[in-house]
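No value in this document is a laboratory result; all are computed from the given coordinates. Here the structure is a predicted model, which means the values were calculated and not measured. Heads up, the Cβs are rebuilt from the backbone with ideal geometry, glycines too, and the neighbour counts pull from every protein chain shown.
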Amino acid sequence: MGAVERVGARFAALAIGLALLGTASVADAQSTIKRPGLRPAYTTELEPHLLLGIFDPPGPGDEPGFGLGLRATFDVAPDGFIGPINDSVGIGVGLDVLDYDGRARGDCERFEPGPNGTRICTEVSGTGSPVYALLPVVMQWNFWLTRNWSVFGEPGLLFQVAEGDIDVSPFVLYAGGRFHFSDRVALTMRIGYPTFSLGVSFLM
């Protein structure tokens, strides 16, 4: 089993463990999904997180990628879209920085004469592991299941910057969940393309 498979297996095991724990907690705890407004009151969620890129991103990078990020989500619709359901809607923006495997493209520093008047590049600068900056802009739709568990979906778009090139994914989708230690602090996991994240949310 290679490094990618090992890391992926650990994240998968963590996801399964959190899902099982969440199922048990929802079964044992009193459900709040049909009690609108019974959730932590906040205007902003700040979420620093660790990142794992297990998919090949556009450009020179190859999985796996590792990095850090920060997401800020602003609660814009506390009552959500569905009246009888305990849901809410936020707008999230973030910055994720990942270092991927692979070789970054460099600029040619030296040319040698080739056949038929062509030039052959013999020296390239700027090569190395490519670093990506990811800037997601999403709508976060939250569902508050119990006092300890909430889940969310995040459709949106994603800007990706690597080696001076900018790519835009016009539609991306993340899914995640939180385990709330208190009304102000939660463990948050998110799955999407091209990254998984695991972080801590601070509700303010």
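Values as computed for the structure displayed
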| quantity | calculated |
| --- | --- |
| Cα-based shape type of region 115-204, given that a ≥ b ≥ c are square roots of the gyration tensor eigenvalues and the cut on a/c is 1.5 | prolate |
| Note, ³J(HN,Hα) from phi for region 89-96, Karplus 6.51, -1.76, 1.60, rounded to Hz, x at Gly and Pro | 10, x, 10, x, 10, x, 9, 10 |
| Protection proxy ranking of 35-42, 167-174 - average other beta-carbon atoms within 10 Å, highest first | 35-42, 167-174 |
| Added length on full extension, which subtracts the Cα-Cα distance from 0.36 nm per residue, Asp167 to Leu46 | 41.0 nm |
